[in-house]
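Written out below as structure tokens is the structure these notes cover.
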Amino acid sequence: MAISSPRSWNGGEALGSLTDIVIALTDLAEAEGRALRRAVYRTGWGLACMLVMGLLIAAGLGLCLWAGYQYLAGQLGHIEAALLAGTAALLLAGGFAWLAIRLGR
């Protein structure tokens, strides 16, 4: 008795096309997985750079406010200088909040 191949029986062509579909789906999943890995890698580095940039901006603004306070403390006094530096900090924070709201729309 001879052993027949799967294509020799009545549903053989359907089995062959099903196999082709499964192979095509696995190839597609592999390609999409590689693309997802690259996108996640790039997004991660972008977020890390944004975090460092935000910290540097905060440090720079803090130093500018501190320098302004030091200058005003010599001219006006510590209380008035703290009031003006705090007001400047609140105005900057409000400006950044407004900008974030506008860009978020």
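Taking Cα pairs under 8 Å and at least six residues apart, what relative contact order does the chain come out at, in percent?
So the answer I get is 11 percent.
To test your reading of the geometry: what angle, between 0 and 90 degrees and rounded to tens, separates the Cα axis of helix 78-103 from the longest principal axis of the chain?
For 78-103 against the chain, the angle is about 30 degrees.
Calculate the FRET efficiency for Gln70 and Arg105 from the Cβ-Cβ distance with a Förster distance of 30 Å, rounded to the nearest 0.05.
0.20
Name the residue, out of Gly46, Gly86, Gly95, whose mean-square fluctuation peaks in a Gaussian network model built on the chain with Cα pairs under 10 Å.
Among Gly46, Gly86, Gly95, the largest GNM mean-square fluctuation belongs to Gly95.
GNM, the chain, Cα, under 10 Å: largest mean-square fluctuation among Gly74, Gly44, Gly62?
Gly74
Where Rh denotes the Kirkwood radius from the mean inverse Cα pair distance, what is Rg over Rh for segment 11-103?
Taking Rh as the inverse mean 1/r over Cα pairs, Rg/Rh reads 1.53.
Which angle between 0 and 90 degrees, to the nearest 10, do you get for helix 12-75 versus the longest principal axis of the chain when only C-alpha atoms count?
Helix 12-75 sits roughly 10 degrees off the main axis of the chain.
Which value in nm describes the separation of the simple spin-label points at Ala97 and Leu83, placed 7 Å from the Cα toward the beta carbon?
2.2
The numbers here are math on the coordinates, done by the rules we state, and not lab data. It should be emphasised that the depicted structure is a prediction, and the values quoted were computed from it without experimental measurement. We place every Cβ from the backbone using ideal geometry, glycine too, and count neighbours over all the protein chains shown.
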